[in-house]
Amino acid sequence: MYIFAHAVPEVVPFLVFALSGGKIPLPITVMQILAIDLGTDTLPALALSREPAEPGLMDRPPRKRGQGVISGRMLARAWGFLGVISALLVMAGFLFTLWRAGWHPGDATGAGSPLHEAYRQATTVSWLGIVACQVGTAFAVRTGHASLRSVGVLTNKPLLAAIGFAVAFAAVIVYLPAFHGLFGTEDLSLGQVATVLPFPFIVWGADEIRRWLRRRRTDQEKIGD
């Protein structure tokens, strides 16, 4: 679920760039994608494998014998819900950063243009936004039905350590000049960082509401039976 979900905000920026005919510059670079897949993605995914069974699991009907690990419901949640929310947030952060710098669709953002530094900051916001959404997704997918409060926000210690590493890695990529040329990143102001700070809470909060509605519907069905 975690791995599938963050594929959407990685793919959508390339689709937006292609469908706009280049009027919207590429919101994230290939090297930045690699920094996510190899730097901030692996440890949280491994930590989630240590998550114990969620409360109430044995009260639910058993899965069908032939049901695989990957199901249509799982993909709908990953791609159609968590992924879409993350992609919208990432694109909003990118476009907002460019807009504040005076950019309009079709304006040049390449090397030597007045907006080039702003463009690099905008792609950095996109990259950091994906990392932030990963954090929210990691907490959201700890349960498929129960609330996060029921399992405890801080109970998965490996996940907390993995998120700490991801945040430290992100700070290195953003603020150490030695990595700017390789990853196409740029120093961000506190205001630009603040743009992505709500992202984890929005992603997790939206899924928390979705799970609450699902539990409520299940309870109503039990009462009806």
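The values are calculated or read from the model by the stated rules, or taken from the named source; none is laboratory data. Because the structure is predicted, anything quoted here is derived from the model rather than measured. We place every Cβ from the backbone using ideal geometry, glycine too, and count neighbours over all the protein chains shown. We work out accessible area using only protein heavy atoms, side chains counted, and drop any ligands, DNA or RNA first. Shrake-Rupley method; radii C 1.70, N 1.55, O 1.52, S 1.80 Å.
For the stretch 169-205, the tally of residues that are open to solvent by 30 Å² or more (accessible area, probe 1.4 Å) and not aromatic (Phe, Trp, Tyr) stands at 19. The set of residues in the stretch 1-27 being in a helix (DSSP H, G or I), among the hydrophobic types (A, V, I, L, M, F, W, C) and within 18 Å of the chain's Cα centre (by Cα) consists of 3, 4, 5, 7, 8, 11, 12, 14, 15, 16. Among the residues of the stretch 91-108, the one identified as small (Gly, Ala, Ser), closer than 12 Å to residue 195 by Cα and surrounded by fewer than 19 Cβ atoms within 10 Å (Cβ to Cβ) is 92.
Under the condition of being touching a residue at least 12 places away in the same chain (Cβ under 8 Å), surrounded by 15 or more Cβ atoms within 10 Å (Cβ to Cβ) and not hydroxyl-bearing (Ser, Thr, Tyr), the residues counted in the stretch 12-30 number 8.
In the set 213, 154, only one residue is outside any helix (DSSP H, G or I) and not hydroxyl-bearing (Ser, Thr, Tyr); that residue is 154.
Restricting attention to the stretch 93-108, report how many residues are in a helix (DSSP H, G or I) and acidic (Asp, Glu). Counting residues in the stretch 93-108 that are in a helix (DSSP H, G or I) and acidic (Asp, Glu) gives 0. Give the stretch 2-11 a look and list any residue that's modelled with pLDDT of 90 or more and either buried (at least 18 other Cβ atoms within 10 Å of the Cβ) or of a type in the set (A, V, I, L, M) (or both), or say none. Hits for the stretch 2-11 are 2, 3, 5, 7, 8, 9, 10, 11. Only one of the numbered conditions (1) open to solvent by less than 50 Å² (accessible area, probe 1.4 Å); (2) free of Cβ contacts under 8 Å to residues at least 60 places away in the same chain; (3) over 25 Å from residue 25 (Cα atoms) is violated by residue 153, and that is (1). Any chance you could count how many residues in the stretch 146-176 are touching a Ser or Thr at 6+ places or on another chain (Cβ under 8 Å) and of a type outside the set (A, V, I, L, M, F, W, C)? Qualifying residue count, the stretch 146-176: 1.
Kindly indicate which of 111, 146 is open to solvent by 50 Å² or more (accessible area, probe 1.4 Å), assigned to a loop (DSSP other than H, G, I, E, B) and of a type in the set (Gly, Ala, Ser). Answer to the selection: 111.
Scanning the stretch 43-56 for residues that are at pLDDT 90 or above and either within 16 Å of the chain's Cα centre (by Cα) or of a type in the set (Lys, Arg) (or both) turns up 43, 44, 45, 48. Scanning the stretch 114-125 for residues that are in a loop (DSSP other than H, G, I, E, B) and open to solvent by 60 Å² or more (accessible area, probe 1.4 Å) gives a single hit, 114. Residue count for the stretch 157-168 under the criterion of being over 14 Å from residue 131 (Cβ atoms) and open to solvent by 60 Å² or more (accessible area, probe 1.4 Å): the result is 2. Applying the condition of being within 16 Å of residue 173 (Cβ to Cβ) and among the charged types (D, E, K, R) to the stretch 31-57 and asking which residue is least open to solvent (accessible area, probe 1.4 Å) yields 41. Here the stretch 65-77 is the region considered, the condition is being small (Gly, Ala, Ser) and either at pLDDT 95 or above or exposed (fewer than 10 other Cβ atoms within 10 Å of the Cβ) (or both), and the residue that is nearest to residue 125 (Cα to Cα) is 72.
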